[in-house]
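Only one structure is covered here, and it is reproduced in the block below.
Laboratory data are not the source of any read-out in this text; all were calculated from the coordinates shown. Remember, predicted model here, so these are calculated numbers, not experimental data. Cβ sites come from the backbone with ideal geometry, for glycine too, and all protein chains shown count toward neighbours.
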Amino acid sequence: MKIGIPLESAPGETRVASIPEVVKKLIGKGFEVMVEAGAGVRAGYPDGEYAAAGAQLTDRAGAFDVDLLLKVRRPDAADVEAVRPGGLYVGLLESCGEDEILSAMLAKGVRVLGMERMPRTSRAQSMDALSSQSNIAGYRATLEAAARYGRFLPMMMTSAGSAKPARLVVLGVGVAGLQAIATARRLGADVYAYDVRPETQEQIRSLGAKPIELDLGESGSGEGGYAKELSEEAKAKQQAALSDQLAKAHVIITTALIPCRPAPVLVTEEVVKRMRPGSVIVDLAAANGGNCPLTVAGEIVERHGVTIVGLTNFPALVPADASAFYARNLANLIEIMFTPSESGPVLKDLAEDDITAAMLVKPST
Ligand code: NAD
């Protein structure tokens with residue numbers, strides 16, 4: 001059973017789907033691993049380390065001509081061309097609903113498993129790439145905010161005078177938001193946080209931050225622990241109720257998302273105008289439309305004296321650990337996909353396991 005690890009071709013992508021330590025374990029379980037030359041270089045894993053782990057270094061075609069192709073980013077048209085008909089493809093798909101690329105993969109008889117379709121259950125936790133990558137994004141986004149803010153985050157008392165701690169607000173307290181809070185607390189900021197799911201208030205307090213409590217007249221808790229979209233009336237109420245808290249903030253880190261829906265607008269232009277010049281907003285929802293209408297996806301802009309960071313791939317800024325976490329998520333998934341045998345790993349029926357069944361892309365989804 002051959003596994004392929006190609007170089008990621010998406011612009012700005014630095015991560016790689018497997019790392020030498022994990023490759024070694026896969027080979028120990030009877031897989032052959034083909035790694036495209038240079039695949040791990042941008043993440044800090046040189047070719048020699050893969051070779052020492054037992055992988056075969058190959059060209060791009062060799063990494064695609066495999067039984068199980070492992071990728072980080074969504075396939076593109078060239079990937080569809082190169083993938084082996086009848087093979088297996090596992091990676092982040094970055095899509096909801098109709099998708100020409102995925103349909104083309106299915107038309108070639110490729111079974112596609114989407115890492116973001118992983119159920120958020122206890123059993124799936126060790127395979128959950130959304131969590132591992134969001135965790136990194138929350139951490140890195142906070143460092144980005146700290147670096148772009150022209151003042152200290154912690155209280156600072158020096159012989160040249162003292163500085164007050166920055167008031168930092170985190171909006172959306174899922175995996176990324178919780179890590180943003182934890183990182184901001186470690187850096188000494190005065191942290192406030194808000195999520196539409198009331199159950200997050202206890203988690204916010206447990207990290208030493210203060211929950212912002214709003215009464216919207218309806219619950220934002222949806223299915224599977226995710227948020228649901230609010231009514232137009234509740235959205236307007238939310239924006240108005242948050243505005244004074246946000247206008248006082250020096251740093252805002254927003255992470256609010258609703259699966260397969262545009263990101264909710266939480267930081268209006270009116271709020272940005274009221275913020276102190278030199279303040280920073282890091283909008284982790286930028287790729288999904290942004291939690292602030294002034295965010296420009298993929299860019300860092302200044303509006304009304306406030307720096308708004310719309311970078312869309314924070315995990316790629318921590319490529320060694322992001323790749324290591326992702327690679328371990330994949331290895332844990334592979335563990336449940338195959339049965340060991342004398343003649344090598346044998347693929348199980350993917351529809352039989354609730355995890356792989358949920359991840360499998362079906363025609364016209
Ligand atoms: P996400 O990335 O989908 O969304 C980020 C946060 O934005 C969520 O907390 C959501 O409630 C919040 N949000 C959405 N609309 C909002 C609004 N209008 N105002 C304020 N906040 C808003 O979330 P995620 O990090 O993927 O986590 C989703 C859920 O999955 C959470 O309940 C999390 O605890 C759970 N989870 C479970 C597991 C597991 O058990 N294996 C693993 C990871 C996450």
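Observations on the structure shown:
- Whichever lysines have a C-alpha closer than 26 Å to that of LYS108, once near sequence neighbours (fewer than 8 apart) are set aside: LYS2, LYS71, LYS348, LYS362
- Centre-to-centre, using Cα atoms only, the range 74-110 and the range 233-308 are separated by 34 Å.
- FRET efficiency for ALA351 and LYS235, using Cβ-Cβ distance with R0 set to 51 Å, rounded to 0.05: 0.85
- Packing around the peptides 284-292, 331-339, 229-237, taken as the average count of other Cβ atoms within 10 Å per residue, puts them in this order, highest first: 284-292, 331-339, 229-237.
- Mean residue ellipticity, 222 nm, helices only, the chain: the sum of -39500 (n - 2.57) across DSSP H runs of n ≥ 4, divided by residue count and rounded to 500, is -10000 deg cm²/dmol.
- For the chain, taking a cut-off of 4.7 Å between Cβ atoms, the unpaired cysteines are CYS292.
- Packing rank of 356-363, 16-23, 140-147, 60-67, where each peptide gets the mean count of other beta carbons within 10 Å, highest leading: 16-23, 140-147, 60-67, 356-363
- Value of relative contact order over the range 135-316, rounded to a whole percent, pairs C-alpha under 8 Å and six or more apart: 20
- The charge dipole of the chain, taken about its Cα centre with unit charges on the Cβ atoms of Lys, Arg (+1), Asp and Glu (-1) only, comes to about 1160 debye.
- Aspartates and glutamates whose Cα lies under 13 Å from that of LYS24, excluding same-chain neighbours fewer than 8 positions away: GLU32, GLU49
- Separation of the ARG123 and VAL296 label points, Cα + 7 Å toward Cβ, nm: 4.8
- For the pair ALA51 and ALA78, label points projected 7 Å from Cα toward Cβ lie 2.4 nm apart.
- Taking the C-alpha atoms only, the angle from helix 175-186 to the longest principal axis of the chain is near 60 degrees.
- Excluding same-chain neighbours fewer than eight residues apart, the aspartates and glutamates reachable from LYS235 by a Cα-Cα span under 16 Å are ASP195, GLU213, ASP215, GLU218, ASP244, GLU269, GLU270.
- Residue-by-residue Karplus 3J(HN,Hα) for the range 283-299, coefficients 6.51, -1.76, 1.60, Hz, glycine and proline x: 9, 6, 8, 3, 5, 9, x, x, 8, 10, x, 8, 5, 10, 4, x, 10
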